[in-house]
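Notes for the one structure printed next.
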Amino acid sequence: MPGLARNALVAAVFALAAGSASADDHTHREAKAHVHGVAEISFVISGQTLSVSLDGPLANVLGYEHAPVTAEERKTAQTATRLLNDPLRIARPSDKAGCKPQTPAIVLPFDAPGRHDHEDQHARDDEHGDADHGDAPHVHMDLEATYTFTCARIARLDHIDVTAFKTFPGIKTVEGVVLGPGIQFSRRLTPSAPVLKLK
């Protein structure tokens, strides 16, 4: 499913839930306002495909939000990139659905094509207070990663274990959104309750 269509459907789910789940909707708005520790993961079922999209502050996976400067930061970024490129480190569909992940190509925002060095320097200056930008807002960096699973028995998909909590302890809350044939809902998940039940 194209990204724009998926995002529109995700927004629709939260709009439909606004009247009956105001607390969840409030948290969703906070997540979009860049709240460290909060992430959104959408799960879209279409045919035999399960698409998983992770969206949240970069600090959730790195602990910082600028291009790495020190050797330790570079090592952290390399480890995070490796983990982000393992779909099962983010979400694990129930085994009986027979879902196989496709190989992703996730890059961190500061490694993305077209990113300029001066943008990274600006982010570092704001992060550490090394530059005078007047009343300029603090620079934030977000992570967006999309994964695709092909499922042999998708009708038997009854739950998804959000493994991102174990992979990245900086993620404390996940706003899970599920969209599929005859199903659409949102659910708040935590490290102590990381399983999204579909049936």
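A few comments on the model shown:
- Strands (runs of 3 or more DSSP E) completely within the range 155-199 that count 2 or more residues being touching a residue at least 12 places away in the same chain (Cβ under 8 Å) and open to solvent by 30 Å² or more (accessible area, probe 1.4 Å): 159-161, 183-189, 195-197
- Complete set of residues in the range 65-84 that are within 16 Å of the chain's Cα centre (by Cα) and either among the aromatic types (Phe, Trp, Tyr) or within 17 Å of Phe165 (Cα to Cα) (or both): Ala80, Thr81, Arg82, Leu83, Leu84
- Given (1) open to solvent by 60 Å² or more (accessible area, probe 1.4 Å); (2) in contact (Cβ under 8 Å) with a residue 40 or more places away in the chain, number of the condition Arg74 does not satisfy: (2)
- Condition check for Pro2 on (1) at pLDDT 95 or above; (2) out of contact with any strand residue (DSSP E or B) (no Cβ under 7 Å at 6 or more places or on another chain): one failure, at (1).
- Among (1) surrounded by 12 or more Cβ atoms within 10 Å (Cβ to Cβ); (2) modelled with pLDDT under 95, the one test that Gly134 misses: (1)
- Qualifying residue in the range 107-125 (condition: among the small types (Gly, Ala, Ser) and either under 16 Å from Val44 (Cβ atoms) or at pLDDT 95 or above (or both)): no
- Taking the criterion of being open to solvent by less than 20 Å² (accessible area, probe 1.4 Å) and in a loop (DSSP other than H, G, I, E, B), the only residue of the range 47-63 that qualifies is Leu58.
- The range 77-98, residues that are open to solvent by less than 20 Å² (accessible area, probe 1.4 Å), outside any helix (DSSP H, G or I) and either without any contact (Cβ under 8 Å) to a residue 40 or more places away in the chain or of a type in the set (A, V, I, L, M, F, W, C) (or both): Ile90, Ala91
The values are calculated or read from the model by the stated rules, or taken from the named source; none is laboratory data. Computed from a predicted model, the values in this text were never measured in an experiment. Here the Cβ is made from the backbone with ideal geometry for all residues, glycine too, and neighbour counts use every protein chain on show. When the accessible area is computed, the model is the full protein with side chains, heavy atoms only, and any ligands, DNA or RNA have been set aside. Shrake-Rupley method; radii C 1.70, N 1.55, O 1.52, S 1.80 Å.
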